[in-house]
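Report on the following structure.
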Amino acid sequence: MDNQRHTPRVPFHEDVRLRKPTPMEAKGVDIGAGGIGVVLPEALPVGTQVEVEIFAGHAIALGEIRWSAPTDDGFRTGIQFRQEDWSIIELVETLRSQEG
């Protein structure tokens, strides 16, 4: 597992969808400007290039699988975005403020 993050993560328990390389539903665990942690129903190899749909399609991020580990409910997977996107954190905070 690669614990060498360059940006902090915050808890993120929303549905996420991988659009590429193969469509797959996922559950968010945490998110940051540099990447997202998800639980996938099946493992994808480290190095796989992915396209991730976040916030019900309001954000699309390109990234790479950095690590994956089996869990009771799937595969806990770390995805590093190709470039840091601080607007993702702004979206998380906006959604949280609308909920509460």
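Observations
- When only Cα pairs below 8 angstrom with a gap of at least 6 residues are kept, the stretch 1-90 shows a relative contact order of 28 percent.
- Label positions at residue 58 and residue 82, each projected 7 Å from the Cα along the C-beta direction, are separated by 2.3 nm.
- Modelled spin-label separation between residue 72 and residue 19, with each label point placed 7 Å from Cα along the Cα-to-Cβ direction: 3.4 nm.
- Normalising the Debye intensity of the stretch 54-99 to I(0), with uniform scatterers on Cα atoms only, and taking log10 at q = 0.23, 0.32, 0.34 Å⁻¹ returns -0.93, -1.07, -1.13.
- Size descriptors for the chain (Cα atoms only): Rg and Dmax, in that order, 12.5, 38 Å.
- With θ taken as phi - 60° and the Karplus curve 6.51 cos²θ - 1.76 cosθ + 1.60 applied, the whole-hertz 3J(HN,Hα) list for the stretch 34-43 is x, x, 9, x, 9, 10, 9, x, 9, 6 Hz, x standing for glycine and proline.
- Extension gain, residue 94 to residue 30: 0.36 nm times the residue separation minus the Cα-Cα distance gives 21.5 nm.
Laboratory data are not the source of any read-out in this text; all were calculated from the coordinates shown. None of these values were measured; they are calculated from a predicted model. Here the Cβ is made from the backbone with ideal geometry for all residues, glycine too, and neighbour counts use every protein chain on show.
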